[in-house]
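Asker: Handing you this structure, nothing more for now.
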Amino acid sequence: MKTQGYEIDLENVVKTINKKNYKRIILQLPEGLKTSFVDLIKYIENQTDAEVMVFADPCFGACDLIDSKLENLEADYIIQIGHTPIPALKNFSIPTVFVNASFYVNVDVLIKKVTPLIKGKNVGILSTAQHVDNLDTISDKLVEKQYETFIGKGDSRTAFKGQILGCNFSSAKKIADKVDVFLFVGSGTFHPLGLMLSTKKPVIAYDPYTNELKTKELDDLKDMVLKQRYGAIARSKDAKNYGILIGLKTGQQRIKLSEDLKNLIESKNKKAYMIVVDYFSPIFLEGFSHIDCFVSTACPRIAIDDYLQYKIPIITPVELKILLGKISWDMYEFDEII
Ligand code: SF4
């Protein structure tokens with residue numbers, strides 16, 4: 001079915017519901033697709049005997065599995081729309097399917113806008129889940145124009161070649177030494193920023209929703225974010241009490257890393273407290289006024305995107321290592337879940 005310009009393939013989902021005789025379905029949606037919930041429910045209920053309930057909490061990625069939360073609801077099946085699976089996450093207590101929401105890219109417009117900016121011959125092509133279907137076509141058109149193209153296959157956190165997540169740039173790193181420039185297709189600035197910082201290569205970012213390029217804006221943003229990160233580390237230099245934030249969402253849990261960070265902090269005669277968080281909000285953390293610095297081991301976006309909203313500085317595991325002198329600022333890297 002089509003909604004808000006997205007193609008969402010629910011045919012196989014309907015077939016599975018009918019074949020397995022599922023009766024209670026839970027629909028999990030990203031914020032942008034919540035306004036389509038009526039159409040999505042109608043589509044499923046009109047073709048099955050199932051009753052569909054919608055899960056209202058925010059869902060930012062396939063890392064956010066809700067199977068263990070829903071056991072009392074006697075749900076038969078969870079449909080998470082708008083994300084591709086994270087292959088490393090398995091064994092759901094309630095069967096869960098991920099249905100991508102694909103957005104059409106006008107490849108001819110993209111090629112016309114992008115090619116004047118490409119310096120060099122070798123181009124790595126990447127996107128978020130919504131546009132991965134278009135990467136081969138983009139590659140073919142660039143090859144027609146005599147470029148050599150590369151689409152890398154990432155690790156077990158990504159489902160498709162050329163796909164990146166805000167927490168994983170492995171598909172880019174695999175090909176970084178072969179390319180002169182990366183072409184990123186997608187909206188927002190976080191992914192291309194992460195791409196720049198994790199590969200140290202130039203990035204041309206093309207937004208298929210607006211048909212706009214973001215290259216200059218990205219360079220400015222990179223400088224601003226690095227300044228902010230440096231500032232967060234500097235603000236924490238006298239910290240004595242640390243709060244290590246452990247994300248409760250299945251695909252964000254890094255318990256071993258949290259324990260290693262606790263040991264590192266305590267080896268410097270400082271105190272570390274482990275704080276488990278399901279829903280991140282600066283307000284919920286304000287009560288922990290004893291803490292001088294939070295270290296987030298959950299989604300890497302939390303420390304970067306929401307930095308200004310936190311009164312107590314919040315840093316990433318890599319930044320903690322810089323703060324405690326384990327590595328130097330020159331070795332700064334974007335935090336990734338691998
Ligand atoms: S951890 Fe963050 S960036 Fe990674 S999939 Fe989850 S929400 Fe997206």
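Asker: If you scan region 220-260, which residues turn out to be more than 23 Å from the chain's Cα centre (by Cα), free of Cβ contacts under 8 Å to residues at least 60 places away in the same chain and in a helix (DSSP H, G or I)?
Answerer: Passing the criteria: 231, 234, 259, 260.
Asker: Hey, another quick one. Does region 89-131 hold any residues that are over 29 Å from residue 59 (Cβ atoms), touching a Ser or Thr at 6+ places or on another chain (Cβ under 9 Å) and outside any strand (DSSP E or B), and which are they?
Answerer: 107, 117
Asker: Then there's this: Would you call residue 168 over 22 Å from the mean Cα position of the chain (by Cα) and closer than 30 Å to residue 60 by Cα?
Answerer: no
Asker: Sticking with this structure for a sec: Answer yes if at least one residue in region 161-173 is out of contact with any Gly (no Cβ under 9 Å at 6 or more places or on another chain) and on the phi < 0 side of the Ramachandran plot, and no otherwise.
Answerer: Looking for residues that are out of contact with any Gly (no Cβ under 9 Å at 6 or more places or on another chain) and on the phi < 0 side of the Ramachandran plot, one finds none in region 161-173, hence no.
Asker: Sticking with this one: For residues in region 120-155 being of a type in the set (Ser, Thr, Tyr) and touching a helix residue (DSSP H, G or I) at 6+ places or on another chain (Cβ under 9 Å), which is farthest from the ligand (Cβ to nearest atom)?
Answerer: 147
Asker: Go through region 251-268 and give me each residue that's touching a strand residue (DSSP E or B) at 6+ places or on another chain (Cβ under 7 Å) and away from the ligand (no atom under 16 Å from the Cβ).
Answerer: The answer is 261, 262, 265, 266.
Asker: Can you list residue pairs whose Cβ atoms sit under 8 Å apart, with the first residue in region 20-33 being of a type in the set (Gly, Ala, Ser) and the second being crowded, with 20+ Cβ neighbours inside 10 Å? Count only pairs 6 or more apart in sequence or on different chains.
Answerer: 32/82
Asker: Further question on the same structure: Taking residue 22, is it at pLDDT 95 or above, crowded, with 16+ Cβ neighbours inside 10 Å and farther than 30 Å from residue 301 by Cα?
Answerer: yes
Asker: Looking at (1) more than 12 Å from the ligand (Cβ to nearest atom); (2) closer than 23 Å to residue 140 by Cα; (3) of a type outside the set (S, T, N, Q), which one does residue 164 not meet, given that it meets all the others?
Answerer: (1)
Asker: Same structure, new question: Of 76, 67, 39, 9, which residue is within 26 Å of residue 337 (Cα to Cα) and surrounded by fewer than 18 Cβ atoms within 10 Å (Cβ to Cβ)?
Answerer: Only one candidate qualifies: 67.
Asker: Take residue 289 and decide whether it is in contact with a helix residue (DSSP H, G or I) (Cβ under 9 Å, 6 or more places away or on another chain) and either among the polar types (S, T, N, Q) or modelled with pLDDT of 95 or more (or both).
Answerer: So residue 289 fails the test.
Asker: Write out, first by first residue and then by second, each pair whose Cβ atoms fall under 9 Å of each other, whose residues are 6+ apart or on separate chains, and whose first residue, in region 167-194, is assigned by TED's automatic domain parsing to the domain that holds residue 114 and away from the ligand (no atom under 16 Å from the Cβ) while the second is of a type in the set (Asp, Glu) and in a loop (DSSP other than H, G, I, E, B).
Answerer: So the pair list comes out as 174/155.
Asker: Which of the helices (runs of 4 or more DSSP H) found entirely inside region 269-338 contain at least 1 residues meeting this: within 16 Å of the ligand (Cβ to nearest atom)?
Answerer: Passing ranges, in order: 301-305, 317-323.
Asker: Can you name every residue in region 18-66 that is within 16 Å of the ligand (Cβ to nearest atom) and assigned to a strand (DSSP E or B)?
Answerer: 28, 55
The values are calculated or read from the model by the stated rules, or taken from the named source; none is laboratory data. Since we're looking at a predicted model, the values are computed, not measured. With ideal geometry, Cβ positions are generated from the backbone for all residues, glycine too; neighbour counts draw on all protein chains shown.
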